[in-house]
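Q: I have a structure I would like to understand better, so I am pasting it below and will then ask my questions one at a time.
The values are calculated or read from the model by the stated rules, or taken from the named source; none is laboratory data. This one's a predicted model, so the numbers in the text were calculated from it and none came from an experiment. Positions of Cβ are backbone-derived with ideal geometry, glycine not excepted, and every protein chain shown enters the neighbour counts. Just the protein is used for accessible areas: all its heavy atoms, side chains included, with ligands, DNA and RNA removed. Shrake-Rupley method; radii C 1.70, N 1.55, O 1.52, S 1.80 Å.
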Amino acid sequence: MVFLYSSFLYALALVAVPIIIHLFNFRKFKTVYFSNVQFLKSVKEKTKSQSQLKHLLILLSRILTIAFIVFAFAQPYLKSEDSDDVAKKHAVSVYIDNSFSMDAENESGRLLQAAKQQASAIFDAYSPNDDFYFSDNDFRPIHQRKLAKEQLLEEINAIESSAKLNSLNQVFKRQKYSLENSTAEKKDIYIISDFQKTIADLDIENADSTYSIRLIQTKPYDNGNIYIDSCWLDKPNPQAKSNITLYARLKAHNIEERDVSIKLSIDNQQRAIANTTLQDESIVQLNFTVNKTSWHNGTLSLQDYPITFDDEFHFSFEIKPQINVQHIYDKKAHPSLVKLFNEDNYFNYSSQNINQINFTDLSQNQLIILEGITTLSSGLKQSLLNALEDGQSVLVFPTKDIDLDSYKSFSTDMGIDYYQSLVETETAISKIDYQNALFDGVFERFEERLNFPKVDSYFSLSQLNNTNGSSLLTFDNKSHFLSEYKVGEGTIYLSAVGLDKSFSNFSKHALFVPILYNIASYSGGKQQLYYTVGDESIPLINSGFSKPFSIQQGEFECIPNARDKSLFLANQITSAGHYNLFDNDKVLISQLAFNYDRLESPLTTLENDDLTALSQRFSNILLIDKNSDTISSYLKTLNTGTPLWIYCIVLALLFLIIETLLIRLL
């Protein structure tokens, strides 16, 4: 037994009062004379012994009455097995996980609703004089303030599912921060969650032992979930009135093989539907066409229950008029380039001799191809560097009699590898970078043994360590056949071979067309089809618009902060869907698509054993497995033990009644 207010025990000294009264209660006896006292003598002896017993019983009753009254004020209690020392005042912080995974269900219904009921029951277990704090994933300013019980209930009832995701470590640190200024003796932190593995990173330091951490898991049924994970186009810049292929990756968690139907809508009109048999993962192909050169919004959708936040996937793309390709040659334009670009309406192709080129016109082209240029003049070097800084692309095919010093100077200025020497030895290509975006859609599957171009001679590249280049095709001897470098906002590609047959048969090989086509397509800028709700910033490709910018959707509007060719959103976008990006003159810059994070789509929660192991590692962590009907009484016992003061009051009254009866009846 432990006393909450042990200082009251000093009042036990009051039991001395009835003892003193008993000892000094001297009565004055009156003498009465009788003629025969023999009989009275025996009566006197008997009456005297009864009186002494009566006084002792009355004394004992008074002592016990006073003692139990003192005990009642000291508030004795019995500690439960899990309880800590009882505190006079508590500071309580309750976190409710309102992420989308809490839309799942169990025997109590929706997990979020069950969590709300448990939070209300937790607050009911505390005194109105305690300090109360509340939090969910949105981390609003009100969550840092102390709230009255009435406010707490209003806040709890108003909770809805949120796209915001926070790790348990972030939640715990936030709760600690809100309790730091409280003067309460005991600080209790409650975390109510389904404890998805993707966010369950709770890390308690030794210094955190001052906080009592109580974990309450709302575990869902073992239901599966089907969701749309991502999508991409077969071409970086699709064309109007031509077939466009969209690939959608579907994923499933904890389901048996199931037939799934997925719909594609473009600009709010259904354009395609596809069916697939899904168990773990499947990539679905959908084909469609659009007729206008403008921005277009697309949505993929399927039906699944009860987790629905990931059943839609939004994307936006632009159909651009044409991509300008400028081909600069020294002696004669190679027919393979003329045939590839001149016969495709998607490209606005022009070819000019190096002696006829107007350097100022280069800025109008998305791709500049240098073929067989012997020497790079200072004017051409500067024009190419400016083009790269502005986001354009440059592709270089050397000739055997190039001025190596001229090219080295050009490469050094841009911080890329340079041509070293001509190697006139037959060499085999052995490696291809399948992960590079240039090869998206080129191969149906990855081939270990691929038929590569035959190379008779090539220029070796310096392969410096301080460049940001990557090899797209690599020789057996680790030399680069085709390299890619990022310069400024643009990209430059260096080919180790020229296009004439003395170098290789590359211009006639099956890889030539898709590689050149994709280089030209990506020079128009790889489109970002979608972003994720919660992204801190998005890139601003073209900064030649008037500020400030605005992002709008219906009545919603927010003003992002534009700097360093990026737009910082500051968590202003909280809903998935399509948005329009305007400049200060209300000119449409682009259309943006946002999707909810798929981090919680695989419904994998921590097992009870995992949480039990965590609570066993740290003495201040307790796993509570109670429903909303029993958790309040459990917490009262946990916080205050089993209170005994009521029994003390009852015993004090009982001994007071016994004293009264002794006085009257004996």
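Q: For every other residue with a beta carbon closer than 12 angstrom to the beta carbon of SER61, add +1 if it is Lys or Arg and -1 if Asp or Glu, then tell me the sum.
A: Values: positive: LYS54, ARG62; negative: GLU659.
Result for the neighbourhood of SER61: +1.
Q: Label points 7 Å out from Cα along the Cβ direction at LYS173 and SER108: separation in nm?
A: Spacing of the two 7 Å Cα→Cβ label points: 2.9 nm.
Q: In debye, nearest 20, what is the charge dipole magnitude of segment 358-505 about its Cα centre with +1 on Lys and Arg Cβ and -1 on Asp and Glu Cβ, if you could check?
A: 200
Q: Going by alpha carbons, how many degrees (0 to 90, nearest 10) lie between the helix axis of 608-617 and the longest principal axis of the chain?
A: Once rounded, the angle reads 70 degrees.
Q: With r as the distance between the Cβ atoms of ASP585 and VAL513 and R0 = 41 Å, compute the FRET efficiency 1/(1 + (r/R0)^6) and round to 0.05. Working shown, then result.
A: Values: r = 41 Å, r/R0 = 1.01.
The value I calculate is 0.50.
Q: Can you give the accessible area per residue of segment 227-280, in Å², using a 1.4 Å probe?
A: On the way: 2750 Å² over 54 residues.
Computed with neighbouring chains in place, this is 51 Å² per residue.
Q: Looking at this model, which pairs from LYS116/LYS164; LYS331/LYS400; LYS339/LYS400; LYS339/LYS478 are more than 20 angstrom apart at the alpha-carbon?
A: Working: LYS116/LYS164 18 Å; LYS331/LYS400 13 Å; LYS339/LYS400 23 Å; LYS339/LYS478 32 Å.
Long pairs (Cα-Cα over 20 Å): LYS339/LYS400; LYS339/LYS478.
Q: With both bridge residues required to lie in the chain, what share of the DSSP beta bridges run antiparallel, to the nearest 5%?
A: On the way: 81 of 127 bridges.
DSSP beta bridges in the chain are roughly 65 percent antiparallel.
Q: Remind me, what semi-axes does segment 212-358 give for its equivalent ellipsoid, largest first in whole Å, using sqrt of 5 times each Cα gyration tensor eigenvalue?
A: They are 46, 18, 14 Å, listed largest first.
Q: Send over a whole-number figure in Å² for the accessible area per residue of segment 312-423, probe 1.4 Å. Please list the in-between numbers first.
A: Numbers: 4870 Å² over 112 residues.
Dividing the accessible area of segment 312-423 by its residue count gives 43 Å².
Q: At what distance in nm do the modelled label points of SER409 and ASP344 sit from each other, each positioned 7 Å from its Cα along Cα→Cβ?
A: 3.5
Q: With unit charges on the beta carbon (Lys/Arg positive, Asp/Glu negative), name the residue among SER628, VAL487, PHE452 whose Cα is farthest towards the positive pole of the charge dipole of the chain.
A: Ranked along the dipole, the leading option is SER628.
Q: I need the Kirkwood Rh of segment 544-666: take the reciprocal of the average 1/r across all distinct C-alpha pairs and report it in angstrom.
A: 22.2
Q: While we're here: Specify whether the C-alpha gyration tensor of segment 406-510 places it in the rounded, prolate or oblate class, a ≥ b ≥ c being the square roots of the eigenvalues: rounded for a/c under 1.5, otherwise prolate if a/b is larger than b/c and oblate if not.
A: Values: a/c = 1.91, a/b = 1.21, b/c = 1.58.
Here segment 406-510 falls in the oblate category.
Q: In deg cm²/dmol, rounded to 500, what helix-only [θ] at 222 nm does the chain give when every DSSP H run of at least 4 residues adds -39500 (n - 2.57) and the total is split over its residues? Write down the numbers at each step before the final one.
A: Working: 12 runs with 164 residues, N = 666.
Result for the chain: -8000 deg cm²/dmol, rounded to the nearest 500.
Q: Given a 1.4 angstrom probe, what's the average accessible area per residue across segment 473-620, in square angstrom?
A: Values: 6810 Å² over 148 residues.
That works out to 46 Å² per residue.
Q: While we're here: Taking the highest mean first, how do the peptides 110-119, 314-323 order by number of other beta carbon atoms within 10 angstrom per residue? Display every interim value, and only then the final one.
A: Values: 110-119: 21.9, 314-323: 19.9.
Answer by packing, highest mean first, reads 110-119, 314-323.
Q: With angles folded into 0 to 90 degrees, how steeply does helix 645-665 sit against the dominant principal axis of the chain? Use alpha carbons for both and round to 10.
A: Approximately 10 degrees, to the nearest ten.
Q: Taking every pair of alpha-carbon atoms in segment 257-299, what share in percent sits in each 10 Å bin, from 0 to the bin with the longest distance?
A: It works out to 25, 45, 23, 7, 0, in whole percents.
Q: Hey, another quick one. Which whole-number percent gives the relative contact order of segment 339-433, counting Cα pairs below 8 Å spaced six or more residues apart? Please list the in-between numbers first.
A: Values: 78 pairs, mean separation 21.7, N = 95.
Here the relative contact order equals 23 percent.
Q: Can you give the extra length, in nm with one decimal, that the chain gains between ARG249 and GLN572 once fully stretched, where that is 0.36 nm per residue apart less the Cα-Cα distance? Let's see the in-between values first.
A: Details: separation 323, 0.36 × 323 = 116.28 nm, distance 2.80 nm.
Roughly 113.5 nm would be gained on extension.
Q: Once you order the gyration tensor axes a ≥ b ≥ c over the Cα atoms, which shape class does the chain get: rounded for a/c under 1.5, otherwise prolate or oblate by comparing a/b with b/c?
A: Working: a/c = 3.86, a/b = 3.47, b/c = 1.11.
Prolate, since a/c reaches 1.5 and a/b exceeds b/c.
Q: To the nearest 10 degrees, how steeply does helix 378-389 sit against the main Cα axis of the chain, on a 0 to 90 scale?
A: Once rounded, one gets 30 degrees.
Q: Quick one: what do you get for segment 100-230 if you divide its Cα Rg by 2.2 N^0.38 Å? All intermediate terms of the calculation are to be shown ahead of the outcome.
A: Working: Rg = 15.4 Å, N = 131, 2.2 N^0.38 = 14.0 Å.
The value comes to 1.10.
Q: Also: With unit charges on the beta carbon (Lys/Arg positive, Asp/Glu negative), name the residue among ILE559, LEU56, ASN324 whose Cα is farthest towards the positive pole of the charge dipole of the chain.
A: LEU56
Q: Here's a follow-up. Rounded, prolate or oblate for segment 86-147? Axes are the square roots of the Cα gyration tensor eigenvalues, ordered a ≥ b ≥ c, and the cut-off for rounded is a/c under 1.5.
A: Oblate shape, in that a/c is at least 1.5 and b/c is the bigger or equal ratio.
Q: Quick check: convex hull over the Cα atoms of segment 516-557, volume per residue in Å³, rounded to an integer? Write out the running numbers ahead of the final one.
A: Details: hull volume 5.1 nm³, N = 42.
Cα convex hull per residue, to the nearest whole number: 122 Å³.
Q: Could you give the dipole magnitude of segment 372-438 about its Cα centre, charging the beta-carbon of Lys and Arg +1 and that of Asp and Glu -1, in debye to the nearest 20? Before the final figure, lay out the partial values.
A: Working: 4 positive and 10 negative charges, 11 e Å.
About 60 debye.
Q: Put +1 on the Cβ of each Lys and Arg and -1 on the Cβ of each Asp and Glu in segment 101-246; which of VAL171, GLN117, SER212 then has its Cα farthest toward the positive end of the dipole?
A: VAL171
Q: Please list the non-local residues whose amide H lies under 5 Å from the amide H of LEU278, H modeled 1.01 Å from N, same-chain partners needing a gap of 5 or more.
A: Amide H neighbours of LEU278: ARG258, ASP259, VAL260.
Q: Assuming 0.36 nm per residue, please report the length gained on full extension of the stretch THR308 to ASN358 beyond their Cα-Cα distance. Walk me through the numbers on the way to the answer.
A: Values: separation 50, 0.36 × 50 = 18.00 nm, distance 5.68 nm.
Here the answer is 12.3 nm.
Q: Something else now. How much net charge surrounds ARG140 when only the other residues with a Cβ under 14 Å from the Cβ of ARG140 are counted, with Lys and Arg +1 and Asp and Glu -1? Write down the numbers at each step before the final one.
A: On the way: positive: ARG145, LYS164, ARG174; negative: ASP136, ASP138, GLU154, GLU155, GLU160.
Every neighbour counted, the sum reads -2.
Q: Moving on. Given a 1.4 angstrom probe, I'd like the percentage of the accessible area of segment 119-188 that is carbon and sulfur, rounded to a whole number. Don't skip to the answer; put the middle values down first.
A: On the way: 1470 of 3270 Å².
That share works out to 45 percent.
Q: Can I ask one more? At a Förster radius of 51 Å, what calculated FRET efficiency corresponds to the Cβ-Cβ distance of ALA16 and ALA148, to the nearest 0.05? The partial results should precede the final answer.
A: On the way: r = 46 Å, r/R0 = 0.90.
For ALA16 and ALA148, the calculated efficiency is 0.65.
Q: For segment 358-485, give the share of DSSP beta bridges that are antiparallel, in percent and rounded to the nearest 5; count only bridges with both residues there. Working shown, then result.
A: Working: 12 of 17 bridges.
Approximately 70 percent, going by the DSSP bridge assignments.
Q: Between LYS263 and ASN291, how high is the FRET efficiency from 1/(1 + (r/R0)^6) when r is the Cβ-Cβ distance and R₀ = 25 Å? Nearest 0.05. It would help to have the intermediate numbers written out before the result.
A: Values: r = 20 Å, r/R0 = 0.82.
The pair LYS263/ASN291 has a calculated efficiency of 0.75.
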